[in-house]
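Written out below as structure tokens is the structure these notes cover.
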Amino acid sequence: MPRSVFSPPHSRLPSPTPRPAAFLLVCALAYAGAVVGYLPLLTLLLPIKVDQVAGDGRLDLLTVTVIAGAIAASVANIGFGWLGDRLVSRGGGRRGIMAGGVVATMASYAGLAAATTPALLVAGIVLFQVALNAVIAPLMAIIAEEVPDGRKGSQAGCWRWPIRSRRRCPPRWSGRAGSASRRGSR
């Protein structure tokens with residue numbers, strides 16, 4: 001049967017071999033780093049910068065900036081997902097994209113700090129969103145490919161801790177199966 005343009009380059013692969021708990025912790029920390037990379041900027045720092053740059057026109061500039069950033073993030077996420085799939089299908093990996101994204105995200109913060117006009121601010125947010133999605137898109141794919149199916153729920157639950165840090169991750173990270181580990185997670 002011929003493959004569709006939209007079908008993955010490989011058939012459904014079996015669940016990967018179990019990873020140690022440390023891998024799941026590193027994935028959760030990487031996700032936490034991504035959240036820390038965008039949450040303070042977009043919720044706290046961007047409105048302050050918009051006010052400094054635009055003054056009375058701040059609402060219009062904030063609207064344009066957020067919409068342009070959202071469009072850039074959407075396109076970049078799809079693009080970096082596609083690029084990661086191409087690299088993996090050719091024997092490469094996604095981690096190089098992530099490393100470049102981390103460096104570009106740091107550089108975009110400097111660019112945003114230096115922005116003095118509305119156009120530079122919008123361009124800076126667009127570049128920031130592209131850089132950040134160079135980290136997020138491959139990270140989500142790595143989780144989907146390298147975390148065994150039986151642990152994906154635990155991993156997804158642990159992604160919540162950067163946002164709701166008062167909850168702890170379930171003990172199923174240890175890889176123990178059975179009802180005892182499930183009872184301990186409540």
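The residues listed here are Ala99, Ala119, Ala156; of these, the one that is at pLDDT 95 or above and surrounded by fewer than 19 Cβ atoms within 10 Å (Cβ to Cβ) is Ala119. Would you check if there is a residue in segment 107-118 being of a type outside the set (Val, Ile, Thr), under 27 Å from Gln52 (Cα atoms), outside any helix (DSSP H, G or I) and more than 13 Å from the chain's Cα centre (by Cα)? Scanning segment 107-118, I find at least one residue that is of a type outside the set (Val, Ile, Thr), under 27 Å from Gln52 (Cα atoms), outside any helix (DSSP H, G or I) and more than 13 Å from the chain's Cα centre (by Cα), so the answer is yes. The condition (being under 22 Å from Asp60 (Cα atoms) and of a type in the set (A, V, I, L, M)) is satisfied by just one residue among Leu112, Leu139: Leu112. Figure legend. Inter-residue proximity from segment 34-49: first residues farther than 15 Å from Gly124 by Cα, second residues surrounded by 15 or more Cβ atoms within 10 Å (Cβ to Cβ) and of a type in the set (A, V, I, L, M, F, W, C), beta-carbon distance below 9 Å, spacing 6+ or different chains. Indicated pairs: Ala34/Leu132; Ala34/Val135; Ala34/Ile136; Ala34/Leu139; Val35/Trp159. In segment 42-60, the qualifying residues are those that are among the hydrophobic types (A, V, I, L, M, F, W, C) and surrounded by fewer than 19 Cβ atoms within 10 Å (Cβ to Cβ), and the one that is nearest to Gly100 (Cα to Cα) is Leu42.
Is there a residue being touching a residue at least 24 places away in the same chain (Cβ under 8 Å) and farther than 26 Å from Val147 by Cα anywhere in segment 95-104? Checked against the condition, which is being touching a residue at least 24 places away in the same chain (Cβ under 8 Å) and farther than 26 Å from Val147 by Cα, segment 95-104 yields at least one hit.
Counting the residues of segment 131-150 that are farther than 16 Å from Gly33 by Cα, part of a helix (DSSP H, G or I) and either of a type in the set (A, V, I, L, M) or at pLDDT 95 or above (or both) gives 2. Looking at Gly37, Gly79, just one residue is at pLDDT 95 or above, of a type outside the set (A, V, I, L, M, F, W, C) and within 16 Å of the chain's Cα centre (by Cα), and that residue is Gly79.
The values are calculated or read from the model by the stated rules, or taken from the named source; none is laboratory data. It should be emphasised that the depicted structure is a prediction, and the values quoted were computed from it without experimental measurement. When we count neighbours, we look across all protein chains shown, and the Cβ atoms used for this are built from the backbone with ideal geometry, even at glycine.
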